[in-house]
Amino acid sequence: MKKKSFLLLLLAAVVVSSCSTGSTTTYVPSSDPTVAAMRFSARDSMPGLSAAVFVVENKLEGDTGIIYAKDSLQYGTRLDTVVPVFTYSGARVAGSYLFSTSDTVALVGGDTINFTTQPLLLHVISEDLTAEKWYNIYAPVHKVDPDLFSWCQRSKDFFSVTANTRVKIVNIADVFYLYTSDGAVLKAYSSADFDKWSEQTVTGLPTDIKVANIMATEDILYYASSAALYISTDGLNWHDIYTPTDFEFINLLFAFNDSLWAIVKDDATLELRQAVSADGSSWEMRNDSLSDDFPVSDFATLSFRSAANRRRAMVVGGLSAKGEKLNSRWNVDWDRHRYRWVDFSKTDNTFPYISGVSIIEYNNSLLMFGGSATDNSFGDYGLLESADEGMNWNIPDSVHNCMPTEYGQRTQVAVKVKDNTIYIVGGKSKDGLVLTDSYSGKLNSIDW
């Protein structure tokens, strides 16, 4: 049927309809064919459809327009059987039709449409048949799973090691610094992009340091030997800032509540205590001695803010003063009057006796990498996740967060988060091999 004949038939239908009412009121048919709004009707199989927000653009030249979803629909949304609902600017329209590559549908309300192939073409005819409007309709669906972690290997064999090498990675002044030491030789490598590394010279530090004990704040690095505290603001040039007179440093803990925390040995009593400092230039020992199940080495620490925006810090696993592996999960917060320490393992003793782990905060959860258990097995501890601030730990969903095959099982990895990306370097394999590779990973939706 020709377009002119089709419009005449529609006009005749409108005239008959208005005359058959018997009313003497003159009805003026609308001459506006524009679309005011569009939405998808809710369906049980795809409940997210009704949440889609569409934008209608009518301010284009001629009789054309565009309708598009403001944001891409949720990953996995099926569009083969959706029900579009249109609201028109005029009171009524004479007709509206949807054209796809395989079908043409005259819309009468509640029509099921296949939106799989886009764009669809909408043709709207004004009630008085004097105007028409054509719209291209777009409803894109996210092609990437937002809950998927994308992991990749970045480098292989980019630094030299011996059988006893440990590694530590930090980020300062937008540069990555990787420290390696086997207890005799200290090396450092720098990279701006985590791909190209260059060996650097470190000055001011003892060559036999335990690089895993380097502590990083936002703009300063710290390292404590038994007799001195060292600092660096550029990662390469270090100098000592404090020499203790009534204790010796055992290890640094974390930066928490605007203070530096350390484990020290009291020279007078030979007891292990905690010490705090505002900037590292002076220290004060706390009165209470450490519990026997508080670690002194090979532990993981993290400072963060709780869901209630309270400052918290935690110390997980590690070795006791007797060299025994621990399953403790010490947490501390500040209630504006005092520090409160709690060991989560007292209420849940199922957490493994473990050492050599690394912990980061990521996407409102805590992630734990690496670690070996009491019998030196790796078990299921390659990657654990806590959604309740360290109280409980579980293996992540392997469909969405699975490390690359090359990563294998390892302990003593160095982990750093920068710009919502997780960076991992080295570690030790289950067979005791010191690893010299690097990886990065990111949650797909974290920047959306």
Inset, instruction - For residue 196, go through the lysines and keep the ones whose alpha-carbon is under 29 Å away, minus same-chain ones fewer than eight residues off. - result: 156, 168, 187, 210, 416, 418, 428, 430, 442
Legend entry - Carbon and sulfur %, accessible surface of region 209-310 computed with the full protein complex present, 1.4 Å: 43
Inset, instruction - Please get the size of the charge dipole for region 37-109, origin at its Cα centre, with Cβ charges of +1 on Lys and Arg and -1 on Asp and Glu, quoted in debye to the nearest 20. - result: 220
Legend entry - Extreme residue, positive dipole direction of the chain, given options 221, 137, 433 (C-beta unit charges): 137
Legend entry - Efficiency of FRET from Cβ geometry, residue 406 and residue 121, R₀ 51 Å, rounded to 0.05: 0.60
Inset, instruction - Determine the gain in length on full extension of the stretch residue 114-residue 92; use 0.36 nm per residue of separation and subtract their C-alpha separation, reporting nm with one decimal. - result: 5.4 nm
Inset, instruction - Quote the FRET efficiency, to the nearest 0.05, computed for residue 431 versus residue 258 with a Förster distance R0 of 45 Å and r equal to the Cβ-Cβ distance. - result: 0.55
Inset, instruction - Rank these residues by their accessible area, most exposed first, probe 1.4 Å: 283, 134. - result: 134, 283
Inset, instruction - Sum up the charges of everything whose Cβ sits under 15 Å from the Cβ of residue 28, counting Lys and Arg as +1 and Asp and Glu as -1, but leave residue 28 out. - result: -2
Legend entry - For residue 256, residues with placed amide H under 5 Å, excluding near neighbours: 261
Legend entry - Three-way shape label, region 311-378, alpha-carbon gyration tensor, a/c 1.5: oblate
Inset, instruction - Name the longest site-free stretch of the chain, where the excluded sites are GluC sites (Glu not before Pro) in a DSSP loop with no more than 10 other beta-carbon atoms within 10 Å. - result: 219-448
Legend entry - Heavy-atom surface of the chain, accessible at 1.4 Å and reported per residue (Å²): 50
Legend entry - Percent carbon-and-sulfur accessible area, region 334-448, ignoring ligands, DNA and RNA, probe 1.4 Å: 45
Legend entry - Label-point separation in nm, residue 337 to residue 324, each point 7 Å along Cα→Cβ: 3.5
Inset, instruction - Could you work out which residue, out of 360, 241, 113, moves most in a Gaussian network model of the chain, that is, has the largest mean-square fluctuation with Cα springs under 10 Å? - result: 113
Inset, instruction - Positive end of the charge dipole of region 275-374 (Lys, Arg +1 and Asp, Glu -1 on Cβ, about the Cα centre): tell me which of 356, 299, 342 has its Cα farthest that way. - result: 342
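The values are calculated or read from the model by the stated rules, or taken from the named source; none is laboratory data. Because the structure is predicted, anything quoted here is derived from the model rather than measured. Heads up, the Cβs are rebuilt from the backbone with ideal geometry, glycines too, and the neighbour counts pull from every protein chain shown. What goes into the accessible areas is simple: the full protein's heavy atoms, side chains included, and nothing from ligands, DNA or RNA. Shrake-Rupley method; radii C 1.70, N 1.55, O 1.52, S 1.80 Å.
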